[in-house]
Amino acid sequence: MRAHALIFLGAPGAGKGTQAREVARHFTIPQVSTGDILREAVKRQTPLGLAAKAKMEAGALVPDEVVCGIVEERIDETDCQKGFILDGFPRTIAQAQFVDRMLQAKGRGLPQVLDIEVDEDLLLKRLTGRRTCSVCGEIYNVHFNPPKAEGICDKDGGKLLYRADDNEQTIRQRLEAYHKQTSALIEFYRAQGVLHEVEGNNDPAAIAKGLLEFLSQA
Ligand code: AP5
Ligand code: ZN
């Protein structure tokens, strides 16, 4: 892996979390998911969680200052020193500029960006079918990757949860936020020469295999 920071870009349901977990495991680097950090804060009802909850429930983005602060704090932790994955961040041009400044200040060079591309009509089914383990965070899908026993994690028997924002109405808002605020990042990173497009319509194992091959050479 060439870059210090890997960024996973893609629409809601594209498979950022699924693939980032595999890559993080393979290279033993942390997966920094702003969505996961925000959901944990909502669950614990911290001031951050209370501030973010309404936005998340509406499928809208949380303000840039808030998420940039979260990321800055997280990547200052020691486990991020040999590299890290940003999953779901940046999502606006302002956030991307913040990443550039942050990496530059730390002498880390440009990020490497993996854009997972999936046909729009698959996204809704992926998101409404998603179930996530409450213990280990493993991601399942009732249509595409079901657990052996309904509602229970194969790995640890943990209860599988349904995300509050994975309802059809909120999903439509999330897709709209992606098109209006995030998709412009594809051109932003293409212009920097750091964009790698990933065919995301295949099955998850095939995508992971291709990605790991690419990253091992790059
Ligand atoms: P976040 O948690 O980041 O949600 P998201 O971007 O909507 O992305 P998802 O987690 O829904 O999708 P994913 O691409 O990770 O897909 P996954 O691998 O799980 O953000 C949630 C909210 O937090 C935002 O709406 C916003 O409010 C806030 N937020 C977060 N970051 C922010 C930021 N930077 N700025 C501002 N606000 C922010 O896969 C989905 C499903 O598909 C799973 O069931 C999986 O099993 C299945 N699947 C995956 N790959 C495949 C495949 N290849 N084939 C078949 N099924 C597959
Ligand atoms: Zn589990």
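The values are calculated or read from the model by the stated rules, or taken from the named source; none is laboratory data. This is a predicted model, so every value here is computed, not measured. Positions of Cβ are generated from backbone atoms using ideal geometry, with glycine treated the same way; all protein chains shown enter the neighbour counts. Quick note on the areas: whole protein, heavy atoms, side chains included, nothing else; ligands and nucleic acids left out. Shrake-Rupley method; radii C 1.70, N 1.55, O 1.52, S 1.80 Å.
Quick look at the numbers
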item	result
Set R91, R101: member being charged (D, E, K, R), within 11 Å of ligand 1 (Cβ to nearest atom) and either within 15 Å of the chain's Cα centre (by Cα) or in a helix (DSSP H, G or I) (or both)	R91
Subset of region 129-144 (residues that are among the charged types (D, E, K, R) and either open to solvent by less than 50 Å² (accessible area, probe 1.4 Å) or more than 13 Å from ligand 1 (Cβ to nearest atom) (or both))	R130, E138
Yes/no for P147 being assigned to a loop (DSSP other than H, G, I, E, B), closer than 17 Å to Q19 by Cα and either within 12 Å of ligand 1 (Cβ to nearest atom) or hydrophobic (A, V, I, L, M, F, W, C) (or both)	no
Index of the failed condition, E57 passing every other in (1) open to solvent by 20 Å² or more (accessible area, probe 1.4 Å); (2) under 30 Å from A205 (Cα atoms); (3) among the acidic types (D, E)	(2)
Search result, residues across region 123-178 that are away from ligand 2 (no atom under 11 Å from the Cβ), under 15 Å from the mean Cα position of the chain (by Cα) and over 20 Å from V42 (Cβ atoms)	L123, R126, L175, Y178
Criterion (closer than 25 Å to A208 by Cα, away from ligand 2 (no atom under 16 Å from the Cβ), without any contact (Cβ under 8 Å) to a residue 40 or more places away in the chain and polar (S, T, N, Q)) met by exactly one of Q104, Q81, Q97	Q81
Selection count where residues are under 15 Å from G10 (Cβ atoms) and small (G, A, S), scope region 148-196	3
Qualifying residue in region 191-214 (condition: in a helix (DSSP H, G or I), surrounded by fewer than 17 Cβ atoms within 10 Å (Cβ to Cβ) and aromatic (F, W, Y))	yes
Residues that are of a type outside the set (A, V, I, L, M) and closer than 15 Å to Q112 by Cα, drawn from region 20-45	F27, Q31
Candidate set from region 107-121 (those that are open to solvent by 10 Å² or more (accessible area, probe 1.4 Å) and not in a strand (DSSP E or B)); member that is farthest from V23 (Cα to Cα)	D121
Selection from region 160-186 of residues that are touching a strand residue (DSSP E or B) at 6+ places or on another chain (Cβ under 9 Å), in a helix (DSSP H, G or I) and open to solvent by 20 Å² or more (accessible area, probe 1.4 Å)	Y178, I186
Selection within region 150-159 - assigned to a strand (DSSP E or B) and surrounded by 14 or more Cβ atoms within 10 Å (Cβ to Cβ)	I152
Near pairs, Cβ below 8 angstrom, 6+ apart or cross-chain, from region 20-43 (within 14 Å of A164 (Cα to Cα)) to any residue that is of a type outside the set (A, V, I, L, M) and open to solvent by 60 Å² or more (accessible area, probe 1.4 Å)	V42/K53
